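Asks: Just passing along the structure, written as C-alpha cells.
The values are calculated or read from the model by the stated rules, or taken from the named source; none is laboratory data. Because the structure is a prediction, the values reported are computed rather than measured. When we count neighbours, we look across all protein chains shown, and the Cβ atoms used for this are built from the backbone with ideal geometry, even at glycine. Surface accessibility is based on the protein's heavy atoms, side chains included, excluding ligands, DNA and RNA. Shrake-Rupley method; radii C 1.70, N 1.55, O 1.52, S 1.80 Å.
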Amino acid sequence: MKSAVRRTHGPEVLGGVGGFAGLFDASALRSYTKPLLASSTDGVGTKVAIAQAVDKHDTIGLDLVGMVVDDIVVVGAKPLFMTDYIACGKVVPERIAAIVSGIAQGCAETGTALVGGETAEHPGLLGAADYDVAGAATGVVEADRMLGADRVRGGDVVLALASSGLHSNGYSLVRHIVTRAGISYGDHAADFGVSWGEALLEPTRLYATPLLQLIDAIGMDVHALSHVTGGGIAANLARILPEQCWVDVDRASWSPAPVFRVLADLGGLDLQDTEGTWNLGIGFLAVVSAEKADAAASFLANVGIATWQVGTVSDGARPAGEFEQGAKGVNGGAVRLVGSYADATGASSAIGAK
C-alpha cells in the first residue's frame, strides 16, 4: 500500500506516508496570476456493498477518485492532491491495502498526489466485513480560465462522453433489482460473460486527464463541463447552463449499454424510468463552441473516449413541455430528453420514447 501511495508523489509532496498531515509544496502557484483553488468531496455510495458481497476491493478506489477528482475538472481545474477516509468494522490489512492501492492507481492516472488518509475502526457500529470510503481533493485553475455557465452561448454544441457503465451512482436501485430477482452476485451473468458482481463492479471511467488535455488543445472553446453523477443526464447538464438557455438532449444519438438495458428489463422498467438515477452511457458532457465541436469530439475519440453530439444550446423562447430546470440548488438552465433511444444496431428504438 505504501509503495502504491508513494508512486503518486512528485517533488511537491513532503513528509512521506504516515504523518498527521499531508504536506504539498504550493510554490508552483506563484506562476498563476490569480489561482483559484477548487475542492470536492464525495464517496462511492452503496456500490461498496457489492464489493463486500464478492470480497473484491481493488476497484472501489478507482470509483472514489472518479467521483472526487472528476468533479474538480468540471471548472477546468488541475487536480493537485487528495486524501481518503475509510471507516470499517474491523481492519483487515489486505482489504485496506486493496482499497488504498486502487485509490493510488486512480490518483496516478489523474496526476493527483495522494498525500494522506485515515482508516477508522468502528466495531459495534459496522460489521466486521463492512466499510465505507470517502475522499476529498484540491485542484487549481487560473481565474480567467475557469469554465462554467457564464461562458455558454446559444449555438454551442453539447457533446456526450461515453461512460464505462454504471460508474458509482444508482446502486440502491441496482441492488433492489438484483435482490428482487433472486440473483446472487456470484452468479454467472450470461449477458455479460462474467459474474453479476464483476459486471456491476466495473470501475468508473476517469476523465480528468483527457479533459485537461482537451482544454490545452482547443483552449477556451471548451465552455463548460458536467459530470453526470446523481440525478442523471438532464439535471447535471442543467446545472452548468445559464438560466435563459435550454437543451433538448436527443436520445436517438446513442444506445445505452447492455448493462442498463438488462437491469431495466429485470426490474420491469423502461429506460426512461431510470433517467434520473443512471447515467445511461454518458459519463460527462462538454459544452463547446460550434466551430470546435468536431475537433473536440475527434480529440477525445483519439484518446479512447467515444464522443458524440447530443444537442445544441438554445437561448430563444423555450418550447412547451416538461424540462429539468437547474438542480441541487443551482438556478441553471433547462434540459429535457427527447425522442427514442437507438437500439444496439444504432436504429431508433421505442424504449424510453415519449
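Asks: Could you tell me which residue of the range 43-81 is nearest to the chain's Cα centre (by Cα), considering only residues that are farther than 17 Å from Ile103 by Cβ and assigned to a loop (DSSP other than H, G, I, E, B)?
Replies: Out of the qualifying residues, it is Val74.
Asks: Considering only the range 302-318, state which residues are of a type outside the set (A, V, I, L, M) and either open to solvent by 50 Å² or more (accessible area, probe 1.4 Å) or within 22 Å of the chain's Cα centre (by Cα) (or both). Write out each step before concluding.
Replies: Pass one, the range 302-318, residues of a type outside the set (A, V, I, L, M): 302, 304, 307-309, 311-312, 314-316, 318.
Answer for the range 302-318, where residues must be of a type outside the set (A, V, I, L, M) and either open to solvent by 50 Å² or more (accessible area, probe 1.4 Å) or within 22 Å of the chain's Cα centre (by Cα) (or both): Asn302, Gly304, Thr307, Trp308, Gln309, Gly311, Thr312, Asp315, Arg318.
Asks: Scanning the range 249-260 for residues that are farther than 15 Å from Val310 by Cα and touching a helix residue (DSSP H, G or I) at 6+ places or on another chain (Cβ under 7 Å), which turns out least open to solvent (accessible area, probe 1.4 Å)?
Replies: Checked the range 249-260; the qualifying residue least open to solvent (accessible area, probe 1.4 Å) is Phe260.
Asks: Just the residues that are buried (at least 18 other Cβ atoms within 10 Å of the Cβ), modelled with pLDDT under 90 and either closer than 12 Å to Asn236 by Cα or within 23 Å of the chain's Cα centre (by Cα) (or both), please, taken from the range 326-350. Don't jump to the end; show me each part of the working.
Replies: Of the range 326-350, the ones buried (at least 18 other Cβ atoms within 10 Å of the Cβ) are 327, 332-337, 340-342, 349.
Okay, now just the ones that are also modelled with pLDDT under 90, so 327, 349.
Ala327 - this is the single residue of the range 326-350 that is buried (at least 18 other Cβ atoms within 10 Å of the Cβ), modelled with pLDDT under 90 and either closer than 12 Å to Asn236 by Cα or within 23 Å of the chain's Cα centre (by Cα) (or both).
Asks: Now for a different question. Answer with yes or no whether Asp216 is in a helix (DSSP H, G or I), open to solvent by 50 Å² or more (accessible area, probe 1.4 Å) and either free of Cβ contacts under 8 Å to residues at least 12 places away in the same chain or over 25 Å from Gly61 (Cβ atoms) (or both).
Replies: It is true that Asp216 is in a helix (DSSP H, G or I), open to solvent by 50 Å² or more (accessible area, probe 1.4 Å) and either free of Cβ contacts under 8 Å to residues at least 12 places away in the same chain or over 25 Å from Gly61 (Cβ atoms) (or both).
Asks: Give me a count of the residues in the range 228-248 that are part of a strand (DSSP E or B) and either surrounded by fewer than 23 Cβ atoms within 10 Å (Cβ to Cβ) or touching a Pro at 6+ places or on another chain (Cβ under 7 Å) (or both).
Replies: 1
Asks: Tell me the residue from Phe299, Phe284 that is surrounded by fewer than 23 Cβ atoms within 10 Å (Cβ to Cβ) and farther than 24 Å from Gly321 by Cβ, please.
Replies: Being surrounded by fewer than 23 Cβ atoms within 10 Å (Cβ to Cβ) and farther than 24 Å from Gly321 by Cβ holds for just one of Phe299, Phe284, which is Phe299.
Asks: Now for a separate question. Which fully enclosed strands (runs of 3 or more DSSP E) of the range 89-199 have 1 or more residues being among the polar types (S, T, N, Q) and open to solvent by less than 50 Å² (accessible area, probe 1.4 Å)?
Replies: 131-142
Asks: Answer yes or no: is there a residue in the range 33-45 that is hydroxyl-bearing (Ser, Thr, Tyr) and under 28 Å from Ile177 (Cα atoms).
Replies: So far as the range 33-45 goes, no, none of its residues is hydroxyl-bearing (Ser, Thr, Tyr) and under 28 Å from Ile177 (Cα atoms).
Asks: Related question: Just give me the residues in the range 58-73 being under 19 Å from Gln213 (Cα atoms) and open to solvent by 30 Å² or more (accessible area, probe 1.4 Å), in sequence order.
Replies: Selection gives Asp71 alone.
Asks: For the range 1-42, what are the residues that are open to solvent by less than 90 Å² (accessible area, probe 1.4 Å), outside any helix (DSSP H, G or I), of a type outside the set (D, E, K, R) and touching a helix residue (DSSP H, G or I) at 6+ places or on another chain (Cβ under 7 Å)?
Replies: Selection gives Thr8, Val17, Pro35, Leu36, Ala38, Ser40.
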